[in-house]
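Colleague: After the C-alpha cells below, expect a handful of questions from me.
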Amino acid sequence: MEQYIKQIQANYDLKYIESLLNRFENINVLILGDTILDQYTFVKLKGRAIKDPILSTEFQEQETYAGGVLAIANHISNFVKNIKLVTLLGEQDSQLDFIKDHLAKNINLTYFTKRNSPTIVKRRYIDSYKKTKLFKVEYMNDHPLESTLSDEIDSYLSQEIPKYDLVIVSDFGHGFIDQTIRRTIEQKSKFLALNVQSNSANMGYNYFTNYQQFNFITMDETELRLPFSKRFEDVKECLQEIHQKLNTTSMLITLGKEGCIFAQNSKIIKAPILSSTVKDTIGAGDAVFSISSLLAYITADAELIPFIGNCAGALAVNVMGNKESITKGSLLQFIKELYKIEIKNYLSSVNGTLNNINIEYIDQFVRLLLDTYHNERSIYIFGNGGSATTASHFCGDLIKGVSYGLDKRFKAICLSDNLPALMAIANDISYDDIFIEQLKNFVKKDDLVIGLSGSGNSINVVKAIEYANSIGAKTVGICGYKGGKVKDLAHLTIHATINDMEIAEDIHHLVLNHCVKRLLTNALDNANVGSVYAKRVE
C-alpha cells in the first residue's frame, strides 16, 4: 500500500485533489433508489435457552440509520449544492418524519407511496460486546409496482430527468425500479451512474445486466460474476472482458479486503484497501459509489477514481451503519493522513525494532561500562559514516555528560574523530586498517572496545574487534541487519534486527547516546549534569 500511495502522491498533491472535489459543487444531481432504514438492535448474549435450542439475548439499545439511497444522498449532499432525491416509501409506517429529519437540508425529497407496504426496514441484531452481527430481519414488500404507480413514476421521471446533469441510481432490487422505469432512466439521462445490488432478498433476479446502457457503474465481485456465470475466472480478466462487451465508459469493482479494480477504456487499475481497521462494512459500498460517481462525471483521471473512492470506503467502514456521512473535510483529512504513511511506517518500524531489542544485553553493556570505569580502564569506540557520528556522540557523553562533577571520570576515545590519523592510515596503508592501527597505539588488556557497523561486516570494524580480542580487551559489537561477522566476534552484541540501515542507525543512536547514557548517570547517582540542564532551560 505504501508504494501505491507514494505513486498517487507524486502525481496528485492535496491541493489538486481539493480543487477536484470543489468541482462537484455546481453539478445538478438527481438521485433515485430504494429507501432503507437500517435498525441496529444491540443485545447481550446470554447463551442457549434452557427449554428451546435457540440463542437467548438481552436487549441493550437500538439505533436507526438512514440507509439505502438516503445514505447516498447524504454523502453527496456534502459535496453538491442541491440534490433532487426520488424514492419509494410504504403506505404502512412510512417513517416520513424520521426520513425528513435525517436528510441533509439541501436535499429536495420527492417520494411515491406503495400501497399495502411498509417503508423498508432491515433490522440487524448485534452482539453489543464484540459488535458482531447475529442475524437480520427484513420488513418489506418487494413485489412489483402496480401498473398505475409504475406509470406515475415513469411519467414523472420522463419530465424530471432531462433537467439534471448527473443521474445516480441505486437499485437494491426491492420492488421500486421496474423495467419500464429502467428504460426511461437510460433514455433520459445525460450521464447515468449506476449501482445494482444483489442481496439475500433478490439473489438471482437483480443483475446489472437488466440495464442496457450507462456511463459508470460500481458493484462487488460477486455482482460482476453472477450474470455471466464466471465463478472461478480471474477477476481482472472477467472485468476486462465484460467491460469490452458492454462498451460502457467505466466500471469499478469492489473486492473487500483486496481493495478494488477500475476499468476505463482499455485501462485496468488495481487499487488496494486503504483502511487497516473495520468497524462495520454496511454502507461502505454506497460511500464508494457516491464519491466515485461524482469523479466519473467530471472525468477525473483514471488513477484517482478508485483511489478517492477507496478513501471514502475506508472512512465508511469505521462508522457503525450509516451513522455519519462522508464530508469533503473528512475525505481531505483522510488523504492528508494517508500522504504521511511513509513517515508513520518509518516510525512504526523504529518502534517495532526497539521493542525487539534484547534489554538483557543493554543491561550487560551498562554493567560492562561501569566495570571498565571502576577499574579505571579505557574505552575505545569507532564506526564509519553515520555510525562514526554515533560513536563520537557517545564518547562525548561519557567524557562530559556522564562524568561531569565526578572525581573519577570515564576515559573514552573515539577513533573516528582523529581525522589526520584516519587519512594517513587510509592513504598510506589501507582504509581497512584505520581503526586497528590506532588501537595498536593505545589498547591494553581489559580495556573496552566498542565497534559500530550497520551491516556487521565493515572490514575495518571487524579487524579492530579481532585485534582487541587477541590482546585480551573486552569487545562490544553494535550492529543491524543479520549482525554479520561483528555479531559472532564481539563478546557482547547490541543487535537491531532490521534490514534497514537508517533504522538500524536510529536504534544505535537511541540506545547508546540516550538510553545507556541515562542508565550510567543514574547508576553513578550523578545529578550534576541535570542541574546544569535545569538552569539552561529555566
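Colleague: Just one of the numbered conditions (1) assigned to a loop (DSSP other than H, G, I, E, B); (2) free of Cβ contacts under 8 Å to residues at least 40 places away in the same chain; (3) touching a Gly at 6+ places or on another chain (Cβ under 8 Å) is not true of residue 232; which one?
Modeller: In the conditions (1) assigned to a loop (DSSP other than H, G, I, E, B); (2) free of Cβ contacts under 8 Å to residues at least 40 places away in the same chain; (3) touching a Gly at 6+ places or on another chain (Cβ under 8 Å), residue 232 misses (3) alone.
Colleague: Would you confirm, using the coordinates I've provided, whether residue 345 is touching a Phe, Trp or Tyr at 6+ places or on another chain (Cβ under 7 Å) and among the polar types (S, T, N, Q)?
Modeller: Judged against the criteria, residue 345 is not a match.
Colleague: Let me ask you something else. I want to confirm something. Restricting to region 483-513 and keeping residues that are more than 32 Å from the chain's Cα centre (by Cα) and assigned to a helix (DSSP H, G or I), which single residue is nearest to residue 368 (Cα to Cα)?
Modeller: For region 483-513, the residue satisfying everything is 512.
Colleague: In the set 228, 172, which member is in contact with a strand residue (DSSP E or B) (Cβ under 9 Å, 6 or more places away or on another chain), surrounded by 14 or more Cβ atoms within 10 Å (Cβ to Cβ) and either assigned by TED's automatic domain parsing to the domain that holds residue 151 or farther than 18 Å from residue 31 by Cα (or both)?
Modeller: The unique qualifying residue is 172.
Colleague: Being among the hydroxyl-bearing types (Ser, Thr, Tyr), within 45 Å of the chain's Cα centre (by Cα) and farther than 16 Å from residue 438 by Cα is the filter here, so list the residues in region 373-404 that pass it.
Modeller: Correct list: 387, 389, 390.
Colleague: Would you please name the residue that is farthest from residue 57 (Cα to Cα), looking only at residues in region 114-146 that are exposed (fewer than 15 other Cβ atoms within 10 Å of the Cβ) and more than 40 Å from the chain's Cα centre (by Cα)?
Modeller: Ranking the qualifying residues of region 114-146, first place goes to 146.
Colleague: If we scan region 326-340, do we find a residue that is in contact (Cβ under 8 Å) with a residue 40 or more places away in the chain, surrounded by fewer than 21 Cβ atoms within 10 Å (Cβ to Cβ), in contact with a Lys or Arg (Cβ under 8 Å, 6 or more places away or on another chain) and at negative phi?
Modeller: Within region 326-340 (the criterion being in contact (Cβ under 8 Å) with a residue 40 or more places away in the chain, surrounded by fewer than 21 Cβ atoms within 10 Å (Cβ to Cβ), in contact with a Lys or Arg (Cβ under 8 Å, 6 or more places away or on another chain) and at negative phi), the answer is no, since none of the residues qualifies.
Colleague: For region 127-161, give me each residue that is in a strand (DSSP E or B) and in contact with an Asp or Glu (Cβ under 9 Å, 6 or more places away or on another chain). Even if it seems obvious, please write down each step before you answer.
Modeller: From region 127-161, those in a strand (DSSP E or B) are 127, 133-139; that's our starting set.
Hits for region 127-161 are 133, 134, 139.
Colleague: Another one. Quick check on my filter: what residues within region 186-200 are crowded, with 17+ Cβ neighbours inside 10 Å and either in contact with a Gly (Cβ under 7 Å, 6 or more places away or on another chain) or closer than 12 Å to residue 219 by Cα (or both)?
Modeller: Residues satisfying the conditions are 193, 194, 195, 196, 197, 198.
Colleague: Go through 471, 503 for me and flag whichever is buried (at least 18 other Cβ atoms within 10 Å of the Cβ), in the same structural domain as residue 441 (by TED's automatic domain parsing) and of a type outside the set (S, T, N, Q).
Modeller: 503
Colleague: Under 8 Å by Cβ, and 6 or more places apart or on different chains, what pairs join a residue from region 279-290 that is within 12 Å of residue 308 (Cβ to Cβ) and assigned by TED's automatic domain parsing to the domain that holds residue 223 with one that is among the β-branched types (Val, Ile, Thr) and part of a loop (DSSP other than H, G, I, E, B)?
Modeller: 287/326; 290/326
Colleague: Out of the residues in region 231-243 meeting the condition of being under 28 Å from the mean Cα position of the chain (by Cα) and not aliphatic (A, V, I, L, M), tell me which one is surrounded by the most Cβ atoms within 10 Å (Cβ to Cβ).
Modeller: Applying the filter and picking the extreme gives 238.
Colleague: May I ask you to verify whether residue 428 is of a type outside the set (Lys, Arg), assigned by TED's automatic domain parsing to the domain that holds residue 498 and free of Cβ contacts under 8 Å to residues at least 60 places away in the same chain? Working first, answer last.
Modeller: Numbers: of a type outside the set (Lys, Arg): yes; assigned by TED's automatic domain parsing to the domain that holds residue 498: yes; free of Cβ contacts under 8 Å to residues at least 60 places away in the same chain: yes.
Answer is yes for this residue.
Colleague: Can you list the strands (runs of 3 or more DSSP E) lying wholly within region 15-118 that have 3 or more residues being among the aliphatic types (A, V, I, L, M) and at pLDDT 95 or above? Let's see the steps before the verdict.
Modeller: On the way: elements: 29-48, 55-68, 83-92, 107-118.
Counting at least 3 such residues, we get 29-48, 83-92.
Colleague: Which condition from (1) among the charged types (D, E, K, R); (2) in contact with a Phe, Trp or Tyr (Cβ under 7 Å, 6 or more places away or on another chain); (3) assigned to a helix (DSSP H, G or I) is the one that residue 124 breaks?
Modeller: Among (1) among the charged types (D, E, K, R); (2) in contact with a Phe, Trp or Tyr (Cβ under 7 Å, 6 or more places away or on another chain); (3) assigned to a helix (DSSP H, G or I), residue 124 violates only (3).
The values are calculated or read from the model by the stated rules, or taken from the named source; none is laboratory data. Note that the coordinates shown come from a computational prediction; the quantities given were computed from them, not determined experimentally. Ideal geometry is used to build each Cβ from the backbone, glycine not excepted, and the neighbour counts take in all protein chains shown.
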